[in-house]
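Data first, discussion second: the structure below is written as structure tokens.
The values are calculated or read from the model by the stated rules, or taken from the named source; none is laboratory data. Quantities reported herein were computed from a predicted structural model and do not represent experimental measurements. Positions of Cβ are backbone-derived with ideal geometry, glycine not excepted, and every protein chain shown enters the neighbour counts.
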Amino acid sequence: MPVAIITGASKGLGRALAAALAGRGWDLVLDARSAGPLRSAAEDLRAGGSRVTALPGDVTDAAHRADLVAAARALGGLDLLVNNASALGAEPLVRLDALPVAGLRAALETNAVAPLALVQEALVLLRESAGSVLSVSSDAAVEAYPTWGGYGASKAALDQLLAVLAEEEPGLRVWWVDPGDLRTDLYAAAVPDDAPSGRPLPESAVPALLGLIDGAAPSGRYSVPALQAVVR
């Protein structure tokens with residue numbers, strides 16, 4: 001069975017994608033900072049017959065990243081690495097003149113440095129399988145929105161790292177994907193005054209992500225709304 005590592009998998013888009021892959025028979029290594037929700041997610045996914053290893057921890061921790069890759073190796077290898085864990089840098093978001101420098105550092109560590117470090121840790125397995133790296137970006141990486149500067153800068157850094165990775169590793173498929181505006185806890189923490197009820201649920205973005213995986217789409221930057229428009 002194919003094996004995937006998914007970070008930030010206890011809720012939201014990470015959990016929704018994990019459920020879809022488990023439904024297709026994938027074995028999974030799941031990460032999240034909160035042990036309780038991660039354990040609950042893993043139990044639900046195991047009920048369908050998939051092998052699921054749940055490892056609570058922080059992707060900015062090198063030992064934790066090594067554990068994630070070791071768990072994938074124990075399941076047979078690694079076909080897909082999903083960098084989904086994200087940090088805002090400030091909750092709620094603030095203008096750049098009020099953004100704590102420590103918050104910007106934290107966003108860069110979680111959103112750019114850790115994904116690259118996890119790729120480096122997993123690269124031997126990914127090369128062996130001619131696997132894929134799918135990383136969750138944001139439209140804030142390419143558009144200027146007030147208060148989204150720190151988060152957007154961290155995702156822009158992620159985009160550039162992945163663009164170079166795609167050039168340097170032509171045997172892999174490397175996708176960085178803007179999932180669109182979804183009803184997630186991350187967005188609620190970012191903009192608590194913006195009612196989320198009209199936003200799509202994370203599950204709505206999963207078919208587009210599966211389309212990339214199923215179709216072995218070429219490396220590049222993708223937008224879920226644009227992919228959904230093509231399907232329509």
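Just one of the listed residues (Val82, Val94, Val101, Val113) is among the β-branched types (Val, Ile, Thr), within 27 Å of Gly150 (Cα to Cα) and free of Cβ contacts under 8 Å to residues at least 40 places away in the same chain, namely Val101. So, of the residues in the stretch 203-232 that are in contact with a helix residue (DSSP H, G or I) (Cβ under 6 Å, 6 or more places away or on another chain) and not hydrophobic (A, V, I, L, M, F, W, C), which turns out to be farthest from Leu182 (Cα to Cα)? This residue is Ser219.
Could you tell me whether the stretch 32-47 includes any residue that is within 20 Å of Ser129 (Cα to Cα) and in a loop (DSSP other than H, G, I, E, B)? Let's see the steps before the verdict.
Filtering the stretch 32-47 down to residues within 20 Å of Ser129 (Cα to Cα) leaves none.
No, every residue in the stretch 32-47 fails to be within 20 Å of Ser129 (Cα to Cα) and in a loop (DSSP other than H, G, I, E, B).
Out of Ala9, Ala22, Ala4, one residue alone is modelled with pLDDT of 95 or more, touching a strand residue (DSSP E or B) at 6+ places or on another chain (Cβ under 9 Å), hydrophobic (A, V, I, L, M, F, W, C) and part of a helix (DSSP H, G or I). It is Ala22. Consider the stretch 1-16 and keep the residues that are within 13 Å of Asp185 (Cα to Cα) and not polar (S, T, N, Q). The one that is surrounded by the most Cβ atoms within 10 Å (Cβ to Cβ) is Ala9. Candidates Gly180, Gly150, Gly171: the one that is under 28 Å from Val101 (Cβ atoms) and small (Gly, Ala, Ser) is Gly150. Residues of the stretch 45-56 include at least one that is out of contact with any Pro (no Cβ under 7 Å at 6 or more places or on another chain) and within 17 Å of Ala114 (Cβ to Cβ). If you go through the stretch 17-25 one residue at a time, do you hit one that is in contact (Cβ under 8 Å) with a residue 24 or more places away in the chain, surrounded by fewer than 17 Cβ atoms within 10 Å (Cβ to Cβ) and touching a Leu at 6+ places or on another chain (Cβ under 7 Å)? Checked against the condition, which is being in contact (Cβ under 8 Å) with a residue 24 or more places away in the chain, surrounded by fewer than 17 Cβ atoms within 10 Å (Cβ to Cβ) and touching a Leu at 6+ places or on another chain (Cβ under 7 Å), the stretch 17-25 yields at least one hit. With a requirement of 3 or more residues that are without any contact (Cβ under 8 Å) to a residue 60 or more places away in the chain, the helices (runs of 4 or more DSSP H) lying completely within the stretch 124-232 that satisfy it span 149-168, 206-214, 224-231.
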